[in-house]
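Contents: one structure, followed by commentary.
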Amino acid sequence: MGKQVKYLLDESQIPDRWVNIAADLPGEPLPPLNPGTGQPLGPEDLAPLFPMGLIEQEVSMEPEIGIPEEVVDAYRLWRPTPLIRARRFEKALDTPAHIYFKYEGVSPAGSHKPNSAIPQAWYNKQEGVKKLATETGAGQWGSSLALACEMFGLECEVFMVGASYDQKPYRRAMMETWGASVHRSPSKLTEAGRSQAEHATGSLGIAISEAVEVAVASEDTKYALGSVLNHVCLHQTVIGQEAIAQLEMAGEYPDVVVGCVGGGSNFSGIAFPLLRKKLKEGLDTRFVGVEPSACPTMTKGVYAYDFGDTVGMTPLMPTYTLGHDFVPPPVHAGGLRYHGVAPILGALVKEGLIEAQAIPQTEAFESAIIFARAEGIIPAPEPTHAIQYVINEAEQAKQEGDERVILFNLSGHGHLDLAAYQSYLSGELVDLEFSESEMNRALESLPEAPSVA
Ligand SMILES: Cc1ncc(COP(=O)(O)O)c(C=O)c1O
C-alpha cells in the first residue's frame, strides 16, 4: 500500500485558463433582469458596478477564458495548492473510502477567496478604477480583497456583517493591515444601513446593499462581490483544474465531489472542471453542495427571480432563494449566511446535476474536531459542513464495503475562527433554528418577475 499524502504540482502547472461552465449548460441560461424595466440586463446596466473586463466574463459563453499573466504571477504566491490524501482521517473513520481534499487554506488570506479577489482587482485597475467597495461575511472575502487591492494599488472599503464583526475581531485587523477601511454593517454611513438598523446582527444581503450604494455614488469606485456571480465562480475553477492533474498523479478519479455552499463559489471552483469532464466523457461522478440547516437555500428555498441584496438594489437573478430580506440566524459559518445562491449553481441543482444537503452547525463542528485531530488542520467553520457530509459518505462506503473515492474542498483554515471552536468545546454551541414562517414572510416580498419554477 502506498504512503503518499501530498500531491504537489510545480508553479509552471498553475492553470492558464478558467473553465466557463455556462458553455456546457443545456439550453440558453435565464438572463438576469433589470429590476426597473423587467427586461434582460445589458452590459450598460452593470457598468456602474463592474469594469467591462468582468462584465464580459459574466455573460461569456466561451468554454475557456485565458488568465492574464499578471494574475498568474500573483497566484504564484500560494498556487498550486496541495491535494492531500486524508489517510489519517480515513483511519479514524475506519473506512475503506479514499478521501482526498484540496487545501485552499494555504493562501495569504487563509481561504479560496483570493482566487477571485486578485483578478477582480486586476481588471478594475486596468480600467482606471481607484477604489473597490465590498461586503464580507466571515471576513475571508474582505481580507482577500484588501490584499488584492494592496497588490494593485487600489483603495478598499469593506462592510462587514455585524455578527462576524463581533465574533472575528482579528479578521478586521487583517483587513486593516492590508490597508482597507472596515465598517460594521448595518452602519450609519449609508441609507441602506440606516434603513436596516433593527437587524443588529446584519446579513450578507444588507452589507451588499451598503457596498453597492457606496460604489454607485462615486465615479471612480466600483463594487466587488466575493461569490454568487458567474465571473466569481469562473475564477475559482483553478481549484478543480489543479485537482484533476493531482488526482491523475495519484492514479484515482473521484466518485463524489463535495464542497460547502454559501454563495457557491468554492464549490463551483472544485466542481465545474470535473462536471465538464463528466458531461463530455459520460462519467457518473456525483456532486454534493452542503449548506447549513439554519440557512437552507438550496434545500428549502424556492426557485425564482430575486434580488441579490436585502434592500433591492441589485439586478434580479434566477436562483434558489429564501427571500432577499430573510435574515439568517447568526451561525458561526458567517460565509454561509446568504439568502440566495449562484444562479449558475442554482440552475445545475434544478437540472439534477448537483445534489444539495443541509447540515446543522453542531454536527459540522463535531466532524471538524475528528478531522482536526486526525489531519492536524483546523478547518474554517464553512467547510466543516462539507466534512460532515464526507463522514456520512465514508460511513456508507464502510457499510457497503466499497473503496469509493471522495474529493472535497477544504476552502479555508479556522485560525481566526477559534472562538467558534471554543464555544463548541465548552458545550455552549447550539443549533440555531431555521424559521419556516420567517422564510414565508420574506418570500411574500419577492419582486414581480416572470415565473421560472
Ligand atoms: C472559508 C470559506 N469557505 C466557504 C465560504 C462560502 O462562500 P462560497 O460559497 O462563495 O465559497 C466562505 C465565505 O466567506 C469562506 O470564507
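Just so it is clear, none of the values below were taken in a lab; they were calculated from the coordinates. These figures come from a predicted structure and were not determined experimentally. Glycine also receives a Cβ, built like all others from the backbone with ideal geometry; neighbour counts cover every protein chain displayed.
To the nearest 20 Debye, how big is the dipole of the stretch 382-423 about its Cα centre, given +1 on the beta carbon of each Lys and Arg and -1 on that of each Asp and Glu?
Values: 2 positive and 7 negative charges, 21 e Å.
Computed about the Cα centre, the dipole is about 100 debye.
Once you keep just the Cα pairs under 8 angstrom separated by 6 or more residues, what percentage relative contact order results for the chain?
Once divided by the residue count of the chain, the mean separation gives 19 percent.
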Legend entry - Cβ charges +1 (Lys, Arg) and -1 (Asp, Glu), total dipole of the chain, debye: 960
Legend entry - Cβ-isolated cysteines (cut-off 4.7 Å), the chain: Cys233, Cys260, Cys295
Inset, instruction - Measure off 7 Å from each Cα along the Cα-to-Cβ vector at Tyr170 and Glu436, then give the distance between these two points in nanometres to one decimal. - result: 4.1
Inset, instruction - Taking amide H positions as placed in the peptide plane 1.01 Å from N, state which residues far from Ala358 in sequence (5 or more) or on other chains have amide H under 5 Å from it. - result: Glu291
Inset, instruction - Of the options Leu204, Ala374, Pro51, report the single residue whose Cα projects farthest towards the positive end of the charge dipole of the chain (beta-carbon charges: Lys, Arg +1; Asp, Glu -1). - result: Ala374
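Could you order peptides 247-255, 206-214 by the average number of other Cβ atoms within 10 Å of their residues, highest first? Could the numbers behind the result be given before it?
Working: 247-255: 15.2, 206-214: 27.2.
The peptides rank, most packed first, as 206-214, 247-255.
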Inset, instruction - In Å and from the alpha-carbon atoms only, list the Rg and Dmax of the stretch 100-231. - result: 13.9, 46
Legend entry - Local net charge near Ala146, Cβ-Cβ under 11 Å (Lys/Arg +1, Asp/Glu -1): -1
